[in-house]
Amino acid sequence: MSSDFERAGDVRMDMGALVAAVLSRGLRILLVTVLLLVATAAVLLFIPKSYESSASLLVEPRSNIYTRAVMDVGSVGTSVNTEALMSSQIELIKSRDLLLEVVDAENLRSVPEFSNAGFSPMGFVLRLIGRGPEQRSVDETVLGNLADRMTVIRERDSAVISIYVRSTDAELAARIANAIAAAHVKRRGAQSLTDTADATVWLQEEIDKLRPKVSAAETAVANYKVENDLFVGANSIPVTDQQLTVVATQIAEAQQRKNDAQARSQVIRGLLGSGQSLDGINDVRNSVVIQGLLETKANLQAELAQKSTTLLSNHPTIKALKAQIGELNKQIAAEADRVADSLDAEAKVEADLEQRLRDDLTRAKLTAGDATKGGVTLDSLEREAKAQRDLLENYLAKYSDATSRTASNSALPDVRIVSEAAPSVEPASPKIPLILGAVGFVALALQIGAILFGELMSGRALTERTRADLEPEERDEQEYDAAPAELADSDPIDDELEHAVEAGIAAPPTAARPVDDDLAQLSAAVTAHQLRTVLLASLDGGQETLMVMDRLLEDALMNDLSAVVVDAGSGETSPLLGLTDLAAEAADYGDVMQRAGDNLAEVPWGRLPSLDRRSPRPSTLIEALADIYHVVIVDTGRVGVASSLPLFSGARATVVLVTSEDASPVAIGMARRDIAALGFELGRVVSLPAVRADVA
């Protein structure tokens with residue numbers, strides 16, 4: 001069994017043999033495919049052809065010259081749910097009542113395609129077990145067939161609904177689609193008129209109920225105004241408020257006149273008391289008596305002035321004139337005193353008038369207070385009357401609109417036909433080109449697949465793999481049992497590999513050379529500064545590399561040499577920054593250096609799981625470390641595809657191959673070839689005892 005598995009792992013598919021097997025049977029494949037296509041075409045000829053026609057409906061509100069204004073006003077601030085509207089229209093189109101109208105209009109009960117029940121696999125099975133379905137009526141059968149052959153969909157996000165109808169008769173399919181569209185438009189128009197007529201009747205009833213209510217409410221308002229004297233004057237101001245305003249104005253005017261008379265009387269008496277002239281007082285000058293006295297006084301003063309020019313002051317004439325003037329002054333003062341008395345009397349009259357007006361104002365305030373209290377009830381009655389009146393006017397406007405809509409052609413339905421169905425020229429099913437293409441593709445795929453599967457199962461398309469076909473890891477693990485002559489090559493490494501194989505075959509099993517000599521020589525070369533940068537490449541990926549690394553570090557530190565260890569092959573992530581972070585440019589050169597002692601440093605693997613093999617930064621780091629430290633030891637991991645040796649191809653370093661003492665010479669030779677292929681020169685090979693686990 002194991003040999004079978006080993007053989008299966010050493011074979012590969014021969015693509016040339018597979019292609020040749022398919023081409024050798026090409027005529028048979030072509031013949032079988034053509035026969036299947038002919039048979040399929042023959043079968044499709046007996047399948048009834050189905051034709052499909054479609055009619056389109058546009059769903060949107062419409063108006064005309066009679067209803068446009070009302071509809072425009074009603075559409076302000078209104079948002080219609082288009083999705084719900086379209087879904088409702090589709091359900092109405094597929095409703096039973098509408099389809100029955102179409103059945104009657106097109107006489108589908110007499111069409112065998114719609115009136116026959118047809119074959120049903122489920123019904124056939126139920127009839128075989130004695131539980132056949134109940135017999136349906138002709139209408140149910142026709143409606144079921146029509147529903148199966150009809151598809152109603154909304155065209156994307158538009159307001160257009162398409163009605164698709166399939167039938168074996170192209171003319172019939174087009175007629176049914178147009179009949180369904182026309183029936184839906186007619187039904188929507190009838191529904192609109194019916195709704196409007198019903199609304200008209202209801203509005204008329206509500207208007208008849210509202211009219212007496214409005215009349216009663218307005219009558220109550222008028223009666224309350226009359227009973228409570230709540231009349232309204234000009235500018236919609238209540239009479240009581242107007243009275244308060246007039247009385248208040250009259251009081252202010254009377255008070256002003258009283259104060260004016262008192263002030264003028266006090267001025268006159270003050271002038272009389274001080275003996276000053278009264279000529280500047282208007283009330284005094286306006287008196288007729290005083291005017292006459294003042295004229296006489298003026299004449300006497302003129303005469304006195306004239307006489308004084310010729311007569312002395314003691315002259316009898318002068319004295320007589322002065323006596324007359326003094327008598328006139330007394331008369332003027334007496335007359336002025338009477339004017340002041342008349343002003344005082346006028347002020348008293350105004351004061352009495354003011355008091356009476358204040359009494360009237362008090363009574364008007366009481367009346368206004370009662371009117372204010374009554375105004376609350378009046379406002380309530382007016383609000384009720386206004387609400388009833390507004391509702392009545394609203395109903396009257398709607399009634400007028402509904403009455404106009406019930407007239408012929410005044411209300412247009414919200415659905416109209418935008419595309420009528422036409423008879424289809426090509427059948428909708430079966431799709432002969434598509435079916436033939438699918439049959440041809442499946443026939444070719446099945447035949448070619450069967451041929452390839454047969455070739456693989458028989459082993460005719462399988463060949464053994466050569467060494468060149470194997471991956472490097474497979475070459476490392478593969479044990480070669482062939483003769484050494486088959487591995488011969490002109491390359492010096494191949495010659496060395498051949499000699500190693502011959503030596504491995506010829507050497508007795510017990511002839512083992514001392515393995516510590518290799519490690520001692522390597523350590524001596526490092527401590528003698530012959531090797532500065534050492535790239536450790538493992539053959540088996542075991543603990544041998546760690547043993548070599550520990551020995552080199554121990555000897556270097558004992559000889560007071562500074563050393564640095566670079567982990568480029570373990571693949572074990574750490575919380576510290578390392579080589580993977582440097583290669584990914586996530587850290588700088590100084591960040592990845594971790595001090596482990598006075599003369600010892602370490603560059604760990606890093607925090608990333610993989611190492612970027614395209615980055616030149618690891619090679620630069622090795623070059624820089626070689627200038628700083630005496631010894632640079634780099635663990636590159638196992639030789640093969642996963643090795644990190646290609647990262648340091650440009651560095652000045654020596655590759656050391658670490659193997660176990662029981663390693664195959666063939667594997668060692670293959671590893672040396674891989675190292676040489678990467679451009680490195682293999683400096684040494686260190687063979688150590690195999691590390692084995694302790695078994696209890």
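Quick rundown of the values:
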item	result
Failed criterion for D635 (all others in (1) farther than 21 Å from L577 by Cα; (2) open to solvent by less than 70 Å² (accessible area, probe 1.4 Å); (3) charged (D, E, K, R) hold)	(1)
Number of the exception - L27 against (1) exposed (fewer than 11 other Cβ atoms within 10 Å of the Cβ); (2) at pLDDT below 90	(2)
Residue in segment 184-198 that is more than 30 Å from Y395 (Cβ to Cβ) and either touching a His at 6+ places or on another chain (Cβ under 6 Å) or open to solvent by 40 Å² or more (accessible area, probe 1.4 Å) (or both) present	yes
Test set (1) more than 30 Å from R672 (Cβ to Cβ); (2) open to solvent by less than 10 Å² (accessible area, probe 1.4 Å); (3) not in a helix (DSSP H, G or I) - D581 fails condition number	(3)
Among residues of segment 534-567, those that are of a type outside the set (S, T, N, Q) and part of a helix (DSSP H, G or I), counted	14
Sole residue being more than 22 Å from E426 (Cα to Cα) and either modelled with pLDDT of 90 or more or out of contact with any helix residue (DSSP H, G or I) (no Cβ under 8 Å at 6 or more places or on another chain) (or both), chosen from G118, G130	G130
Qualifying residue in segment 610-622 (condition: in contact with a helix residue (DSSP H, G or I) (Cβ under 6 Å, 6 or more places away or on another chain), free of Cβ contacts under 8 Å to residues at least 40 places away in the same chain, open to solvent by less than 60 Å² (accessible area, probe 1.4 Å) and assigned to a loop (DSSP other than H, G, I, E, B))	yes
Top-ranked residue in segment 102-118 [being surrounded by fewer than 17 Cβ atoms within 10 Å (Cβ to Cβ) and assigned to a helix (DSSP H, G or I); ranked as farthest from the chain's Cα centre (by Cα)]	S110
Failed item in (1) touching a residue at least 24 places away in the same chain (Cβ under 8 Å); (2) part of a helix (DSSP H, G or I), with S687 passing the rest	(2)
Hits in segment 534-564 (condition: closer than 14 Å to V634 by Cβ and buried (at least 21 other Cβ atoms within 10 Å of the Cβ))	V534, L535, L536, A537, S538, T545, V548, L552, L553, A563, V564
Residue among T310, T296 that is over 30 Å from Q255 (Cβ atoms), of a type in the set (V, I, T) and not in a helix (DSSP H, G or I)	T310
Answer from A173, A217 - the residue that is at pLDDT below 85, part of a helix (DSSP H, G or I) and of a type outside the set (K, R)	A217
Residues being modelled with pLDDT of 85 or more and open to solvent by 30 Å² or more (accessible area, probe 1.4 Å) - total across segment 397-423	6
Qualifying residue in segment 595-604 (condition: in contact (Cβ under 8 Å) with a residue 12 or more places away in the chain, among the β-branched types (V, I, T), within 23 Å of I675 (Cβ to Cβ) and part of a helix (DSSP H, G or I))	no
Test: residue in segment 99-112 that is at pLDDT 85 or above and farther than 22 Å from P423 by Cα	yes
Residues satisfying the stated conditions in segment 676-693, i.e. surrounded by fewer than 22 Cβ atoms within 10 Å (Cβ to Cβ) and of a type in the set (A, V, I, L, M)	A676, A677, L678, L682, V685, L688, A690, V691, A693
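Conditions (1) in a helix (DSSP H, G or I); (2) farther than 26 Å from S419 by Cα; (3) at pLDDT below 90; (4) out of contact with any Ser or Thr (no Cβ under 9 Å at 6 or more places or on another chain), marked per residue:
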position: F5; (1), (2), (3), (4): yes, yes, yes, yes
position: A8; (1), (2), (3), (4): yes, yes, yes, yes
position: G16; (1), (2), (3), (4): yes, yes, yes, yes
position: A21; (1), (2), (3), (4): yes, yes, yes, yes
position: L31; (1), (2), (3), (4): yes, yes, no, yes
position: A39; (1), (2), (3), (4): yes, yes, no, yes
position: A55; (1), (2), (3), (4): no, no, no, no
position: V70; (1), (2), (3), (4): yes, yes, yes, no
position: V76; (1), (2), (3), (4): no, yes, yes, yes
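Residues are listed down the side, and each one gets a yes or a no for (1) among the β-branched types (V, I, T); (2) farther than 20 Å from T659 by Cβ:
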| residue | (1), (2) |
| --- | --- |
| T580 | yes, yes |
| P609 | no, yes |
| L621 | no, yes |
| G637 | no, no |
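One line per residue, one yes/no per condition, for (1) open to solvent by 90 Å² or more (accessible area, probe 1.4 Å); (2) in contact with an Asp or Glu (Cβ under 6 Å, 6 or more places away or on another chain); (3) at pLDDT below 80:
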| position | (1), (2), (3) |
| --- | --- |
| D283 | no, no, yes |
| V289 | no, yes, yes |
| L294 | no, no, yes |
| K297 | no, no, yes |
| L311 | no, no, yes |
| H315 | no, no, no |
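The values are calculated or read from the model by the stated rules, or taken from the named source; none is laboratory data. No experiment lies behind these values; they were computed from the predicted model shown. Glycine gets a Cβ as well: all are built from the backbone with ideal geometry, and neighbour counts include every protein chain shown. Please note that ligands, DNA and RNA were not included when accessible areas were found on the heavy atoms of the full protein model with its side chains. Shrake-Rupley method; radii C 1.70, N 1.55, O 1.52, S 1.80 Å.
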